Amino acid sequence: MLFTLSNSPQHCDFSLLLKMVASDDALLLMQDGVLAAIHDSEACGLLSQLVQSVYVLSEDLAARGLVGQISHKITLIDYTGFVALTEKHAQQTAW
């Protein structure tokens, strides 16, 4: 399953989301969800411990002036990569 997080981790039930993501799932951070990718943040620390495949949408990261501030454990993708994730994961859940 592909999970997409478009809200800031402070404005959603982030801990529940992390519990729902299984080892073969992927999590894409987009819109304000990219805030969870900021290096050394609490949310990023939890992501690196609990989720194996985490991606961040580069366009949304750039729009918020956060390029170069994300963890090296998170994969940067563009819209083409987003489409590839949707093709790989037949089911999607948006947060």
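What the table below lists for this structure:
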read-out	value
Per-peptide average of other Cβ atoms within 10 Å, ordering 40-47, 61-68 highest first	40-47, 61-68
Candidates 58, 23, 48: whichever shows maximal mean-square fluctuation once the chain is modelled as a Gaussian network with Cα springs under 10 Å	23
Per-residue [θ]222 nm for the chain (sum of -39500 (n - 2.57) over DSSP H runs n ≥ 4, rounded to 500)	-9000 deg cm²/dmol
Mean Cβ count within 10 Å, highest first, over the residues of peptides 3-9, 33-39, 71-77, 85-91	33-39, 3-9, 71-77, 85-91
Alpha-carbon centroid distance for the pair segment 43-75 / segment 1-16, whole angstrom	13 Å
Per residue solvent-accessible surface (Å²) - the chain, probe of 1.4 Å	55 Å²
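The values are calculated or read from the model by the stated rules, or taken from the named source; none is laboratory data. Keep in mind the model is a prediction, meaning the values are calculated, not measured. Positions of Cβ are generated from backbone atoms using ideal geometry, with glycine treated the same way; all protein chains shown enter the neighbour counts. For the accessible areas, the whole protein counts, side chains as well, though only heavy atoms, and no ligand, DNA or RNA atoms are used. Shrake-Rupley method; radii C 1.70, N 1.55, O 1.52, S 1.80 Å.
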